[in-house]
Structures are given as structure tokens and as C-alpha cells.
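Read through the structure below, which is laid out as C-alpha cells, and then see the notes.
Since every read-out is calculated from the coordinates, none of them should be taken as a lab result. Given the structure is predicted, the values throughout are model-derived calculations rather than measurements. Neighbour counts are summed over all protein chains in view; Cβ atoms, including those assigned to glycine, are modelled from backbone coordinates with ideal geometry.
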Amino acid sequence: MRRFCLVFLVVLVLGLSACGKAPLHQQESFVFGTRVEILVAGLDEAKARPAAAAVLREFDRLHRTYHAWQPSELSDLNAAIAAGKAADVAPEMAALIADAQRISLAGEGLFDPGIGGLIHLWGFQSDEFKAALPDPAALAAWREKHPGIADLQLDGLRVSSRNAAVALDLGGYLKGVALDRAAVILHAQGVNNALINIGGNVMALGTKNGEHWRVGIQHPRQPGPLAMLELHDGEAIGTSGDYQRFFELDGKRYCHLLDPRSGEPVTHTQALTVLITPRPAAGTLSDAASKPLFIAGTDWPRLARKLDVGQVLRVDSDGRIQISAALLSRLEFVGGKPKALEIIP
């Protein structure tokens, strides 16, 4: 059985066309392999439309520039690395690689954009997934080489690698970068109240006509939200889940969230959500931080402290919920507070 879900955090915006309300402009697109939505509050169409359109153009540029398995600047770099060659890259790419290395190091390598070869072996570098396991010999060879983004060396704009098996895939990072870019573009165009939703990675700017933007965290095994919360100005939220991109074989689920240590899909966690408080690059952290915490499993509280992420919700493989006390005070569970709930100080 082949199945995947692209949108894992449902954004609920009520009263889009209610009489007497200030205008709420909405634009949508499909980019980064998912549905993207820009909502602008409090501005008329003539001002809101070009600002949202500028954001969507930037998203499309990022998607095309850093596509991991279609011709792009990133795929050119991967080809050079595979051939054992150094390559000159654009300043933007060099900065992204350096930043991703920094975050990967802080996350103890559990977030690693250098495992594109492993993602390919499992069949997740595709718009549709075949229900098939990787070739055991190829998987063993990858484990032996154990490539990662830490193997890359940056000398100004020149990139080389100590390990030719490194292949960059920024899929677990780029949506967060795009959130931060969107905030800069919108502010530059005079937009101070907006909600940016990239397939469930969400950032809030200002308010929705004086009210906090209200979003829902998708339930990993049921339709609809598990919980609701209000996002404040500058906050970002990201979720990693085993229900977004996966295939099933012989009754077992294989998700796209791979543990670099074992080379295998994670099975101990259904979903993990992080809420990032306002700070520089909050969007980037909301995307990147959810991955190592998802992969860490029960060890996530220690790693969250190391990453300075204080608001986390985890649903384990049995549906039990762990939640940080700071996030619990913000959430409104749909259908009432769950019985299987562990609060982490």
C-alpha cells in the first residue's frame, strides 16, 4: 500500500469572508512538494496581493535551486562530490551549508542533510513511493561509508568532501529557511500581519485583525487536529510525523524520517511538534529541530534543552503523549485532555 500525507499541520482560519471583518487576502501554491498558503490580514487587495506573490516567487526559486533529485545547483554540487571533486557554489548555498552544519552538530548528527544517498535508497527522493525495501548490500555499503554533512569542508565558496558518499538533501531544512525569507519579504513590503504555511511549517506575523492566529496540530492517526493553539507574533511551529511520507509493506510502516545512525526509518515516534519562540531564524529552527527530536525518541528532552527548544509535543508509537509544561499551558486538546499524557518539566 502506498500513501502519503503532505499537509500535517492544519491551519484553521475562520471567518475569511465574514461581513464587517477587515480584509484577509489568501494566496496558495504547490511548492516544496506540498501546499503553500500565504494569508495577509488588514491590507486591501492591491497591497496584499503583490506582497504574497513575491513570497511565492521566492519559494519557487528556492525549490528549483535546491532540488535534491532534479537538475539544480544542489544536484550539480552532489555530482561533483560523488566524483571526488571540489566545486564552487553561490554565496547563498555556502551560507546554507554552514548553517545546516551548525544545526546538525547541535543536534548530535540526528538532523543531517548529508544523507541524501540514504533517502534515495529508501525511495523517498520521489513524488510517489514504491512499497519496497532498499537493496541490503547497498544499505550496508552506505552504513560502512557513513556519510554526513560534517564531512563537507567549506573554504570560502569552495566546497569539498572527505567522503564521496555525501549527498545533500535539504528537504528537512529548506521549508524553515523559506519561512524566514517570507517574513523578511513581507515586512519589506509593509506587511506586518500574516500567516505563512508551508505544508504545516507555520510562522505567524502580527495578528489576524487583532486576534492571534489560531492553528491546529494534526492528529497522527485520526483526521483533524489533536490540539489547537494560538501563535503569537514571530512564533513558528513545525511538526515531523510518520504519516507525511511513508509506505507500508507486510503490515509495517516505513516513514521518510531516517536515523543516520542505523540507516533505518524511525518506528518509536508517530509525531513531534516544536513551537519556537520569537528569535532570529525561528522558522529555520522550527523545521530543523523537529527532526533530531523525533529521531531521539525518549531522549528528546535532553536534546531539546541543548537546542534551546522549550515547547515540544511528542506522540510515541503507542499513541502516548509527552509534552513540555511550557507548551501544555498553550494547548487546547480537541475532545479533552488525553488520558495517556506525560508532562515534562
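Across the range 59-68, coupling constants 3J(HN,Hα) worked out from phi with the 6.51/-1.76/1.60 Karplus curve, θ = phi - 60°, read 4, 5, 5, 4, 4, 6, 6, 10, 5, 7 Hz, and Gly and Pro carry x.
Highest mean packing comes first when the peptides 272-279, 132-139, 111-118 are listed by Cβ atoms within 10 Å, giving 111-118, 272-279, 132-139. Taking a ≥ b ≥ c as the square roots of the eigenvalues of the Cα gyration tensor, the range 147-227 is classed as oblate, since a/c reaches at least 1.5 and a/b does not exceed b/c.
The angle between the Cα long axis of helix 174-188 and the longest principal axis of the Cα atoms of the chain comes to about 40 degrees, rounded to the nearest 10.
Rounded to the nearest angstrom and listed largest first, the equivalent-ellipsoid semi-axes of the chain from its Cα gyration tensor are 32, 25, 18. Our estimate of slack between A150 and A22, defined as 0.36 nm per intervening residue step minus the Cα-Cα distance, is 41.2 nm. Shape of the range 157-293 from its Cα gyration tensor (a ≥ b ≥ c, root eigenvalues): rounded if a/c is under 1.5, otherwise prolate when a/b > b/c, or oblate? Oblate, since a/c reaches 1.5 and b/c is not below a/b. Remark: the Cα gyration tensor places the range 99-195 in the oblate category, a/c being 1.5 or greater and a/b not exceeding b/c. When only the Cβ of Lys, Arg, Asp and Glu is charged (+1, +1, -1, -1), the dipole of the chain relative to its Cα centre reaches about 440 debye. On a 0 to 90 degree scale, rounded to 10, what angle separates helix 73-82 from the longest Cα axis of the chain? The two axes meet at around 20 degrees. Here the simple spin-label model places points 7 Å from the Cα toward Cβ, and for D308 and D44 these points are separated by 4.2 nm. The Cβ shell under 15 Å around L331 holds other residues with a net charge of 0, Lys and Arg each +1, Asp and Glu each -1. Of the three principal axes defined by the Cα atoms of the range 248-337, the extents in descending order read 42, 33, 21 Å. The DSSP beta bridges internal to the chain are antiparallel in roughly 90% of cases.
Among residues other than S29 with Cβ under 15 Å from its Cβ, the summed charge is +3 (Lys and Arg +1, Asp and Glu -1).
Farthest toward the positive end of the dipole of the chain, out of G33, I295, A68, is the Cα of I295, where the dipole comes from beta carbon charges about the Cα centre.
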